[in-house]
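These notes are about the structure you will find just below.
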Amino acid sequence: MIHRISILFSLLLCLSAAVAQDFGRSQRVLDWLQQQKGDSVYALCNAEMKAALTAQQLGGIYAQLVRQAGTENGRGEWERTVVEGGIEVDGIRLDFSQTSLMALLSWNGEGQLCGLFFRPTTPPQTVAIGGAENREVQIENGKIFLPGTLTLPTERKNPVALAVLLAGSGPCDRNETIGPNALLRDLADSLAIHGIASIRYDKRTLVYGSACVEISGGMDYDKEIVDDALAALQQAGALPEIDTRRIFVVGHSLSGMLLPRIAQRATTPMAGIIALSAPARPLAEVMKEQMNYLGRLNNITPTEIDSAYRAALAPLPKEYLKFDSKYRPLRTAQQLTVPMLFIQGGHDYQVRQTDFQLWQQALGKRPNVDFRWMPTLNHLMAESPNMSRPDDYATRQLIAAPVVETIVDFIGRH
């Protein structure tokens, strides 16, 4: 299975229109997925779904879920939600031996399957720590309202430094939940222990789902990540507990790549940017590299990989791909004077050493730019004995201590 289910199907759900039929049809689709009857599911898909996924790929979805979540033990009750534009989404909880997932199936008025998405139903197990106070906040950006969390050190006498924490691609929640893992929540808790506050929030692609494109007036990197990050920065600067001279932005994966653009557009003063596993190349190029790696793991032919690659790009809006092809993160970063920190793991199959080296070549001579290569870390900034693979994310992993220490040191020096 080439695609990361949580990302690809999330994009399909966010970027496609859907109207549901009855629960019986949704039930049959789940049963067919379990029975690996990809042809039966494919026959019900609309044109966009058929362009994005083959019958063979649909037939392999359930096996991928079992590898990541364990044996299915039971199912909950079907629920129906009506969203923007009359879209109806059928959802049901699937209980596996290692975790529970919510299956969401969307249907259009012609009875065609338009969206398929699996997401965690419960937050990952909390890391037992002290010294953190969490407050619910809301990031407001015009007509966009995003629920979030402000994490403060419990013991503070003076205004403290703050980091705005940004998740990567896809409809991520504020914790950047991937299976039992929560990179941004773990980072927020760890920073609080060291006296550093943070803000994180649910992305608009999660909050507004399939209505996101219409509400946003299109979809590109600015609308997906940058605009809301700027709104969060502005709100952070108004908090009485925060030292406004020491506001940083931490971006993971795609958000890390967009940090130079965020810094370029920011009107709120920034003390520094911190990029974790940040690509330096266009999404299309990085995605092709990921698929080649996963294809080799699964003995998929180059022809099948190329077909899957083109299918994965097909659902994305033209303006999204146009933005991706024109954005120059290295050139944008070279125009900045703000301090920067780049951290990259050597066992990250999603963002490779090539990207880290490109950042170094572009910025390595700057005295206020730091680089940390950590050979055994994966994309989630956790220890991994070998080059990582998607199944690894089904295991609870904690952010590596050297990552936290490096970030804390960087913030302390600026």
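When Pro317 is tested against the conditions (1) touching a His at 6+ places or on another chain (Cβ under 6 Å); (2) outside the structural domain of Pro180 (by TED's automatic domain parsing), the lone failure is (1). Working only within the stretch 138-190, note down all residues that are among the hydroxyl-bearing types (Ser, Thr, Tyr) and either crowded, with 22+ Cβ neighbours inside 10 Å or more than 16 Å from Lys203 (Cβ to Cβ) (or both). Scanning the stretch 138-190 gives Thr151, Thr154, Ser169, Ser190.
Only one of Met270, Met291 is buried (at least 16 other Cβ atoms within 10 Å of the Cβ), more than 20 Å from the chain's Cα centre (by Cα), under 30 Å from Cys212 (Cβ atoms) and in contact (Cβ under 8 Å) with a residue 40 or more places away in the chain. Can you tell me which?
Met270
Candidates Gly148, Gly170, Gly209: the one that is touching a helix residue (DSSP H, G or I) at 6+ places or on another chain (Cβ under 9 Å), within 16 Å of Leu239 (Cβ to Cβ) and in contact (Cβ under 8 Å) with a residue 60 or more places away in the chain is Gly148. Given the condition hydroxyl-bearing (Ser, Thr, Tyr), farther than 25 Å from Ala400 by Cα, assigned by TED's automatic domain parsing to the domain that holds Val164 and part of a loop (DSSP other than H, G, I, E, B), answer yes or no: does some residue in the stretch 335-351 qualify? Looking for residues that are hydroxyl-bearing (Ser, Thr, Tyr), farther than 25 Å from Ala400 by Cα, assigned by TED's automatic domain parsing to the domain that holds Val164 and part of a loop (DSSP other than H, G, I, E, B), one finds at least one in the stretch 335-351, hence yes. With a requirement of 3 or more residues that are at pLDDT 90 or above and not basic (Lys, Arg), the helices (runs of 4 or more DSSP H) lying completely within the stretch 250-320 that satisfy it span 254-265, 283-297. If you go through the stretch 189-211 and keep only what is touching a Lys or Arg at 6+ places or on another chain (Cβ under 6 Å) and either closer than 16 Å to Gly412 by Cα or not in a strand (DSSP E or B) (or both), you end up with just Asp202. Taken as a whole, the stretch 220-237 holds no residue that is without any contact (Cβ under 8 Å) to a residue 24 or more places away in the chain, outside any helix (DSSP H, G or I) and within 29 Å of Lys50 (Cα to Cα). Asn73 satisfies every condition listed in (1) under 21 Å from Arg119 (Cβ atoms); (2) surrounded by 15 or more Cβ atoms within 10 Å (Cβ to Cβ) except (2).
Scanning the stretch 1-47 for residues that are at pLDDT 50 or above, polar (S, T, N, Q) and either touching a His at 6+ places or on another chain (Cβ under 7 Å) or crowded, with 22+ Cβ neighbours inside 10 Å (or both) gives a single hit, Ser26. Once the stretch 387-406 is narrowed to residues that are without any contact (Cβ under 8 Å) to a residue 40 or more places away in the chain and not in a loop (DSSP other than H, G, I, E, B), the residue that is farthest from Ile343 (Cα to Cα) is Asp392.
Any residue that is buried (at least 19 other Cβ atoms within 10 Å of the Cβ), over 30 Å from Trp32 (Cα atoms) and of a type in the set (A, V, I, L, M) - is there at least one of those in the stretch 103-111? Among the residues of the stretch 103-111, not one is buried (at least 19 other Cβ atoms within 10 Å of the Cβ), over 30 Å from Trp32 (Cα atoms) and of a type in the set (A, V, I, L, M), which makes the answer no.
Just to be sure, is Gln68 part of a helix (DSSP H, G or I) and surrounded by 20 or more Cβ atoms within 10 Å (Cβ to Cβ)? Spelling it out, Gln68 is indeed part of a helix (DSSP H, G or I) and surrounded by 20 or more Cβ atoms within 10 Å (Cβ to Cβ). Is it the case, given these coordinates, that Asp391 is exposed (fewer than 14 other Cβ atoms within 10 Å of the Cβ) and under 22 Å from the mean Cα position of the chain (by Cα)? Here the answer is yes, as Asp391 does meet what is asked. Going through (1) within 18 Å of Gly168 (Cβ to Cβ); (2) more than 16 Å from the chain's Cα centre (by Cα); (3) surrounded by fewer than 22 Cβ atoms within 10 Å (Cβ to Cβ) one by one, Asp222 falls short only on (2).
The values are calculated or read from the model by the stated rules, or taken from the named source; none is laboratory data. Note that the structure is a prediction, hence the values are computed from the model and not measured. Cβ: placed from backbone, ideal geometry, glycine included. Neighbour counts: every protein chain shown.
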